[in-house]
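Reviewing the structure listed below.
The values are calculated or read from the model by the stated rules, or taken from the named source; none is laboratory data. What you see is a predicted model; the values in this text were computed from it and never measured. Cβ atoms come from the backbone with ideal geometry, glycine included; neighbour counts cover every protein chain shown. Calculation scope for accessible area: heavy atoms of the full protein, side chains included, ligands and nucleic acids excluded. Shrake-Rupley method; radii C 1.70, N 1.55, O 1.52, S 1.80 Å.
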Amino acid sequence: MEKKNHIVILTGAGISQESGIKTFRDSNGLWENHKIEDVASPLGFAKNPKLVLDFYNLRREQLMSDEVSPNKAHTALAALEKEYDGKVTIITQNIDDLHERAGSTNVLHMHGELLKMRCINCNNTFDVKDKFDQKNRCPGCKKIGLLRPDIVWFGETPYFLDEIESILNDCDLFISIGTSGNVYPAAGFVQLVKAIGKAQAIEVNIEGTEISNHFDQHMIGNAGEKVSELVNYILKGV
Ligand code: APR
């Protein structure tokens, strides 16, 4: 049986920018006036759990508000998964659920998810849409105060790395959208794909990045417009 082509898409904060979610680099190392390491590291959580939980409660509230919804880029990728005669996998560094809300089903959140919490004691994860604080009881082991956002913080190992390695080995077209190429291992995926040697690599971004030189083609512009264009080309077989 002939192997179907596999399109692998890496997304970063830039794809959600037009949905009203700020990118990290926009904020000059500060995130809503907090140093990133204070709110997005295991040490920050150990020092001040209330600050960290409140911070993510606010992010979650923003994500669930009417102001935030999937944009044209998310919708185009969902259409690609549905209509493409092959496999489409999204690897996202984003913790929002905008790919899923647009209709994508094959999505790996390598940096975790804002709408999930994890128990430090039993390691189970649970969906969360509302606020949670240190008094919350784990629905699994029933212990109190041991839930944390299920987010991969600085200094922690991203999720799905083994699976991602085999996906990249299987990839026939690699597309990177709205990521600065500053944070590894995701920033190294394009080099891995090019070293394997069978896939073309396309970068979509409003500007050149640290890793632009590793891509075969560049589409400079807003993700909403450029991803829709690219998906149209792919589906028409151009
Ligand atoms: N369309 C396309 N690209 C955009 C848009 C847009 N509308 N707006 C911004 N960008 C690009 C920027 O030029 C930049 O290259 O998106 C990128 C955003 O970069 P970062 O803020 O660094 O986000 P990301 O690459 O996803 O960061 C990776 O770093 O802070 C950690 O864990 C966090 O997952 C995150 C990781």
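Key figures
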| quantity | calculated |
| --- | --- |
| In segment 180-196, the residues that are farther than 17 Å from D162 by Cα and not hydroxyl-bearing (S, T, Y) | G181, N182, V183, K194, A195 |
| Single residue of segment 193-210 satisfying the filter (farther than 20 Å from S228 by Cβ and touching an Asp or Glu at 6+ places or on another chain (Cβ under 8 Å)) that is nearest to the ligand (Cβ to nearest atom) | T209 |
| Counted residues, segment 79-101 - those being touching a helix residue (DSSP H, G or I) at 6+ places or on another chain (Cβ under 6 Å), over 25 Å from L161 (Cβ atoms) and either free of Cβ contacts under 8 Å to residues at least 40 places away in the same chain or of a type in the set (A, V, I, L, M) (or both) | 0 |
| Top-ranked residue of segment 152-195 - restricted to ones that are among the polar types (S, T, N, Q) and not in a loop (DSSP other than H, G, I, E, B), ranked as nearest to the chain's Cα centre (by Cα) | S176 |
| Selection within segment 115-132 - open to solvent by less than 70 Å² (accessible area, probe 1.4 Å) and in a loop (DSSP other than H, G, I, E, B) | C122, V128, F132 |
| Looking only at segment 133-150, and only at residues there that are in contact with a Cys (Cβ under 8 Å, 6 or more places away or on another chain) and outside any strand (DSSP E or B), the one that is nearest to the ligand (Cβ to nearest atom) | L146 |
| Residues located in segment 151-166, provided they are within 14 Å of the ligand (Cβ to nearest atom), at pLDDT 95 or above and open to solvent by 90 Å² or more (accessible area, probe 1.4 Å) | T157 |
| Qualifying position, being among the hydroxyl-bearing types (S, T, Y), more than 30 Å from K135 (Cα to Cα) and either touching a Phe, Trp or Tyr at 6+ places or on another chain (Cβ under 9 Å) or at pLDDT 90 or above (or both), among S65, S41, S69, S27 | S69 |
| Evaluation of N57 against (1) buried (at least 19 other Cβ atoms within 10 Å of the Cβ); (2) more than 21 Å from I177 (Cβ to Cβ) (one fails), failing number | (1) |
| Tally, over segment 172-182, of residues that are open to solvent by less than 10 Å² (accessible area, probe 1.4 Å) and of a type outside the set (A, V, I, L, M, F, W, C) | 2 |
| Index of the failed condition, P185 passing every other in (1) touching a Pro at 6+ places or on another chain (Cβ under 7 Å); (2) surrounded by 16 or more Cβ atoms within 10 Å (Cβ to Cβ) | (2) |
| Scope segment 196-228; condition surrounded by 14 or more Cβ atoms within 10 Å (Cβ to Cβ) and in a helix (DSSP H, G or I); matching residues | S212, H214, A223, G224, E225, K226, V227, S228 |
| From I15, I95, residue being surrounded by 15 or more Cβ atoms within 10 Å (Cβ to Cβ) and in contact with a Leu (Cβ under 7 Å, 6 or more places away or on another chain) | I95 |
